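Remarks on the structure that follows.
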Amino acid sequence: MLDVIIIGGGIVGAAAAYELSRYALSVALLERENDVAMGATKANSAIIHAGYSPEPGSCMARLNAEGSRLAKELCGKLDVPHRQCGSLVAALSEPEIPVLERLLRNGRENGVPGVRILSRDAALDMEPNLGPDLAAALYAPSAMIVDPWEYTLALMETAIRNGVSFKPDHAVTGIRKIGGGYRLDTARGAFETRCVLNAAGLYSDDIHNMVAEPSFRIQPAKGEYCLLDKSEGARVSRVIFQCPTAAGKGVLIAPTIHGNLLVGPNSEPVRDRGDVSTGAEGTGFVMRTALKAVPDIDFRANIRHFAGIRARSDRGDFILEEAEGAKGFIDLAGIGSPGLSAAPAIAKTAAGLLENAGLALREKERFHDTRQRVRFASLTPAEKAALVARDPAYGRVVCRCETVTEGEVRDALRSPVPPPSINAVKRRCGAGSGRCQSGFCGPRVLDMLAEHYRRRPVEILQDGAGTFILTSEMGRNE
Ligand SMILES: Cc1cc2nc3c(=O)[nH]c(=O)nc-3n(C[C@H](O)[C@H](O)[C@H](O)COP(=O)(O)OP(=O)(O)OC[C@H]3O[C@@H](n4cnc5c(N)ncnc54)[C@H](O)[C@@H]3O)c2cc1C
């Protein structure tokens with residue numbers, strides 16, 4: 001019997017796996033998709049929020065502030081691309097200024113460092129592309145942008161190095177109470193465990209209801225985005241929000257950690273929790289709203305639309321608690337925004353809840369807590385030359401848009417969480433994330449996957465299960 005099973009390999013499950021891997025425990029993470037970060041963690045605004053938005057006193061407020069501080073430390077230690085660029089909330093008329101004052105009070109109560117209101121002129125000095133309607137802005141210097149995919153992978157890889165077992169393609173289909181714990185069913189066999197962390201995101205209410213009376217409901221809300229080419233990447237240097245509405249933080253404009261410009265999201269309730277479609281209505285709203293704050297954005301430079309689904313619950317706050325009548329079964333649910341920011345603090349809370357449930361947390365003598373990978377494009381010419389001389393695979397460029405080399409794709413294939421698909425390679429080393437969106441490197445990456453896994457090209461996936469790209473090989477009708 002295992003000590004802990006974590007259900008769900010998003011940022012919350014991965015952060016919990018990392019946190020628990022410090023202790024002498026047997027831990028497995030079961031994920032229903034073929035990779036980590038396939039739910040909300042795959043498609044979000046990628047911001048480690050400063051923490052002035054959540055209502056003071058809420059669980060979100062406390063964990064946002066603590067999580068942001070921990071996130072910065074973790075990203076540094078585990079070689080995750082991040083940049084503390086700061087954020088501005090733009091009031092686009094005088095009557096909106098009281099909203100900034102409310103956010104400022106929240107920020108001070110929530111312990112957000114350096115948060116303050118800037119005059120119109122001071123804000124324009126920072127961000128000259130803000131539009132003529134600007135009245136004032138709330139500045140939060142601690143906001144950060146991050147690569148959410150690599151953040152999740154870095155946590156999961158480190159957890160695996162410290163002994164956690166990762167099981168992709170393991171959807172939990174049923175849970176039964178057994179003596180001393182739980183038995184979890186998957187199509188690939190059953191697992192027994194003393195404790196469970198329910199980090200199943202959009203499906204966390206279904207998982208909860210397998211062992212306890214319903215006590216919350218997930219209310220999915222979709223957010224659509226426009227991702228723009230690097231030619232627009234310098235349009236703003238900080239994350240630009242507008243004043244929040246009842247639907248949330250609203251449409252933002254942000255530089256991405258890879259140098260693109262991200263614009264979105266809207267917020268639309270959806271019934272189908274798998275509906276990540278995008279359309280003219282949603283992206284049209286996003287574009288029109290963004291132009292109110294930054295009128296010169298050139299949307300002709302759009303390279304991709306995508307959507308993510310928030311897993312907010314009907315309780316309006318994060319739900320971090322032992323389910324009633326289910327000892328050792330801990331819900332980490334209702335993790336809408338700022339879940340990416342709060343994840344490391346959620347993970348520490350989860351460890352505390354497990355301890356309260358009777359699990360002994362004894363620190364291991366050895367805990368591997370560093371990680372590094374080659375990023376060819378960011379090396380100096382001398383470093384590049386030395387690397388290529390040592391290993392010529394780094395001298396063969398696979399992705400021309402982002403200058404990703406064969407050596408980096410190969411490193412990804414040999415990593416502790418090997419990529420199961422072409423998009424998974426993109427999430428690990430950036431091949432395919434540039435202007436041509438994998439038009440050139442896609443076939444080469446497909447070949448490398450086929451060779452590495454000894455599969456035929458027709459068996460290679462674009463992304464999740466069933467997303468085959470090729471139907472037959474030349475000269476062979478299937
Ligand atoms: C549009 C949008 C914008 C956002 N922007 C930000 C932001 O800028 N900053 C911020 O802090 N937060 C943001 N968030 C919130 C943040 O993305 C989420 O809070 C966070 O990703 C939640 O992580 P998670 O691990 O709880 O959920 P998920 O990432 O959804 O992971 C849950 C996992 O559980 C798996 N799973 C489900 N059912 C089962 C099962 N039966 N068996 C096994 N596995 C299962 C899923 O496949 C999934 O991988 C945003 C969210 C959205 C949607």
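The values are calculated or read from the model by the stated rules, or taken from the named source; none is laboratory data. Keep in mind the model is a prediction, meaning the values are calculated, not measured. Counting neighbours? That spans all protein chains shown, and the Cβs are built from the backbone with ideal geometry, glycine included. Surface areas here come from the heavy atoms of the whole protein model, side chains and all, with no ligands, DNA or RNA. Shrake-Rupley method; radii C 1.70, N 1.55, O 1.52, S 1.80 Å.
Among the residues of segment 232-255, is there at least one that is farther than 27 Å from Glu94 by Cβ, within 16 Å of the ligand (Cβ to nearest atom) and crowded, with 17+ Cβ neighbours inside 10 Å? Lay out the reasoning, then the answer.
Here is the first cut: in segment 232-255, the ones farther than 27 Å from Glu94 by Cβ are 232-234, 255.
Those left that are additionally within 16 Å of the ligand (Cβ to nearest atom): 255.
If we keep only those that are crowded, with 17+ Cβ neighbours inside 10 Å too, we end up with 255.
Yes, segment 232-255 contains a residue that is farther than 27 Å from Glu94 by Cβ, within 16 Å of the ligand (Cβ to nearest atom) and crowded, with 17+ Cβ neighbours inside 10 Å.
How do the strands (runs of 3 or more DSSP E) wholly within segment 61-174 filter down when requiring 1 or more residues that are open to solvent by 30 Å² or more (accessible area, probe 1.4 Å) and either more than 13 Å from Ala50 (Cβ to Cβ) or of a type in the set (A, V, I, L, M, F, W, C) (or both): which remain?
Details: elements: 87-91, 116-119, 136-140, 144-146, 165-167.
Fully inside segment 61-174 and qualifying: 116-119, 165-167.
How many residues are within 6 Å of the ligand (Cβ to nearest atom) and out of contact with any strand residue (DSSP E or B) (no Cβ under 6 Å at 6 or more places or on another chain) if we restrict to segment 1-25? First the steps, then the outcome.
Taking segment 1-25 and keeping what is within 6 Å of the ligand (Cβ to nearest atom), we get 7-13.
Right, trim to out of contact with any strand residue (DSSP E or B) (no Cβ under 6 Å at 6 or more places or on another chain) and you get 8, 10-11.
Residues that pass the stated criteria total 3.
Please go through segment 241-269 and give me each residue that is in contact with a Ser or Thr (Cβ under 8 Å, 6 or more places away or on another chain) and more than 27 Å from Gln219 (Cβ to Cβ), ordered by number.
Matches in segment 241-269: Pro255, His258.
Taking segment 309-325 only, how many residues are in contact with a Lys or Arg (Cβ under 6 Å, 6 or more places away or on another chain) and not aliphatic (A, V, I, L, M)?
Within segment 309-325, the first condition is being in contact with a Lys or Arg (Cβ under 6 Å, 6 or more places away or on another chain), and the residues that meet it are 309, 314.
Those left that are additionally not aliphatic (A, V, I, L, M): 314.
The number of residues fulfilling the criteria is 1.
Say whether the condition of being assigned to a strand (DSSP E or B) and more than 17 Å from the chain's Cα centre (by Cα) is met by at least one residue in segment 269-288.
Narrowing segment 269-288 to residues assigned to a strand (DSSP E or B): 269.
Still in the list and also more than 17 Å from the chain's Cα centre (by Cα): 269.
Within segment 269-288 (the criterion being assigned to a strand (DSSP E or B) and more than 17 Å from the chain's Cα centre (by Cα)), the answer is yes, since at least one residue qualifies.
Considering each residue of segment 79-92, count those that are in contact with a Cys (Cβ under 9 Å, 6 or more places away or on another chain) and more than 20 Å from Pro141 (Cβ to Cβ), and give that number. Show your work before the answer.
Narrowing segment 79-92 to residues in contact with a Cys (Cβ under 9 Å, 6 or more places away or on another chain): 81-82, 89-92.
Going one step further and asking which of them are more than 20 Å from Pro141 (Cβ to Cβ), we end up with 92.
Selection size over segment 79-92: 1.
Can you name the number of the only condition in (1) within 13 Å of the ligand (Cβ to nearest atom); (2) open to solvent by 10 Å² or more (accessible area, probe 1.4 Å); (3) in a loop (DSSP other than H, G, I, E, B) that Pro56 fails?
(1)
Could you grab the pairs with beta carbons closer than 6 Å, sequence gap of 6+ or different chains, first residue in segment 45-67 and free of Cβ contacts under 8 Å to residues at least 12 places away in the same chain and at positive phi, second one acidic (Asp, Glu) and within 11 Å of the ligand (Cβ to nearest atom)?
So the pair list comes out empty.
From the list Arg414, Arg410, Arg390, exactly one residue is closer than 26 Å to Gly39 by Cβ, open to solvent by 20 Å² or more (accessible area, probe 1.4 Å) and free of Cβ contacts under 8 Å to residues at least 60 places away in the same chain. Which is it?
Details: Arg410 fails: closer than 26 Å to Gly39 by Cβ; Arg390 fails: closer than 26 Å to Gly39 by Cβ.
Answer to the selection: Arg414.
Go through (1) surrounded by fewer than 16 Cβ atoms within 10 Å (Cβ to Cβ); (2) out of contact with any helix residue (DSSP H, G or I) (no Cβ under 7 Å at 6 or more places or on another chain); (3) closer than 29 Å to Gly464 by Cβ one by one and return the number of the condition Gly282 breaks.
So the condition that Gly282 fails would be (1).
Kindly establish whether Asp205 is within 13 Å of the ligand (Cβ to nearest atom) and touching a strand residue (DSSP E or B) at 6+ places or on another chain (Cβ under 6 Å).
Against the criterion (within 13 Å of the ligand (Cβ to nearest atom) and touching a strand residue (DSSP E or B) at 6+ places or on another chain (Cβ under 6 Å)), Asp205 qualifies.
Considering only segment 321-373, state which residues are away from the ligand (no atom under 15 Å from the Cβ) and either β-branched (Val, Ile, Thr) or open to solvent by less than 10 Å² (accessible area, probe 1.4 Å) (or both).
Of everything in segment 321-373, those that are away from the ligand (no atom under 15 Å from the Cβ) and either β-branched (Val, Ile, Thr) or open to solvent by less than 10 Å² (accessible area, probe 1.4 Å) (or both) turn out to be Ala323, Ala326, Gly328, Ala351, Leu354, Leu359, Thr370.
Can you find a residue in segment 26-47 that is away from the ligand (no atom under 14 Å from the Cβ) and over 29 Å from Val236 (Cβ atoms)? So that I can check it myself, show each step before the final result.
Residues of segment 26-47 away from the ligand (no atom under 14 Å from the Cβ): 26-27.
Next cut, over 29 Å from Val236 (Cβ atoms) only: 26-27.
The answer is yes; a qualifying residue exists.
Which of the residues spanning segment 1-16 are over 15 Å from the mean Cα position of the chain (by Cα) and surrounded by 24 or more Cβ atoms within 10 Å (Cβ to Cβ)?
Going through segment 1-16, the residues over 15 Å from the mean Cα position of the chain (by Cα) turn out to be 1-7.
Listed by number, the residues that qualify are Val4, Ile5, Ile6, Ile7.
If you check Leu202 against the conditions, is it crowded, with 16+ Cβ neighbours inside 10 Å, at pLDDT 95 or above and more than 18 Å from Leu20 (Cα to Cα)? Reasoning before the result, please.
Working: crowded, with 16+ Cβ neighbours inside 10 Å: yes; at pLDDT 95 or above: yes; more than 18 Å from Leu20 (Cα to Cα): yes.
Criteria met by Leu202.
Could you list, in sequence order, the residues of segment 175-190 that are among the hydrophobic types (A, V, I, L, M, F, W, C), surrounded by 22 or more Cβ atoms within 10 Å (Cβ to Cβ) and either more than 9 Å from the ligand (Cβ to nearest atom) or free of Cβ contacts under 8 Å to residues at least 60 places away in the same chain (or both)? Reasoning before the result, please.
So the first thing to find is which residues in segment 175-190 are among the hydrophobic types (A, V, I, L, M, F, W, C), and the list is 175, 178, 184, 187, 190.
Subset that is surrounded by 22 or more Cβ atoms within 10 Å (Cβ to Cβ): 175, 184.
Result: Ile175, single match.
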